[in-house]
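Every number here is computed from the coordinates shown, using simple stated rules; none is lab data. For clarity, every value in this text was computed on a predicted model and none was experimentally measured. Please note: Cβ atoms are built from the backbone with ideal geometry, for glycine as well, and neighbour counts cover all protein chains shown.
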Amino acid sequence: MILPFIPLLIQLAHSPTEDSRQLYEAIQRGDEHAFSLFFNEHYSSVYRYVIKYGIRYEVAQDIVQQSFIYLWDHRSRIKPDKSLKAYLYAAAHSRVLNSIRDNKELPSSDKDYLFEHPNLGAENNFSNEQDTVSSLFTITVDQQEKIKKENERKILIEEAIRSLAPKRQQAFRLCYLEQFTHEETAQIMNITKKTVEHHMGLALAELREKLKNIS
């Protein structure tokens, strides 16, 4: 059953394509240009993944940068048949957990971080490019009300996700929002595929109940 309150996300195959294999091999050889291409392609998505855990953007930037540095420093250990993106997320995931554990720079309000960087990309499910100072002068009252309700809806959804038990939340974000396969999520979280499936089942059931009144 597809959750009615989250846009349908097509599960993409994350097994390396021929082009990505060539890119990974170039990175393993120490090709800085290839790594720069990989960095530019994935920086924003990893950053969004990190800040959705409520981490301040300065700390999130450091986490993402350190994750890329770790990947570059350990590039020779990457298996060619594995997803380089999954390795990157695993590095970021570990640092997110450490930051949460150490309670570093967490926002005073759970809502604060949702719109700290609203223009990171059109694919950001929790951004709203219309909600800017300039656009508020040109849109109608009805449009403003619609935007307000949509933002409130996004906040409710995000709060429901953040209310999940930590492992369930992590599995849900990786599988459902970041579109990793269960196998890749297991790699990132350092757990078994069966455990990922268990977390996902519980997370989906809990979210359906929490958000059953959201249209």
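Tabulated data for the structure shown
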item	result
Potential lengthening between GLU152 and LYS82 on full extension [0.36 nm per residue; Cα-Cα distance subtracted]	21.3 nm
Per-residue HN-Hα couplings for region 170-175 [Karplus 6.51, -1.76, 1.60; θ = phi - 60°; Hz; x = Gly/Pro]	4, 5, 5, 4, 5, 7
Förster radius 22 Å - calculated FRET efficiency between GLU58 and SER94 (Cβ-Cβ, nearest 0.05)	0.70
Whole-Hz ³J(HN,Hα) from phi, Karplus 6.51 cos²θ - 1.76 cosθ + 1.60, for region 43-48, glycine and proline x	4, 4, 5, 5, 4, 4
For peptides 187-197, 52-62, 87-97, sequence by mean Cβ density within 10 Å, most packed first	87-97, 52-62, 187-197
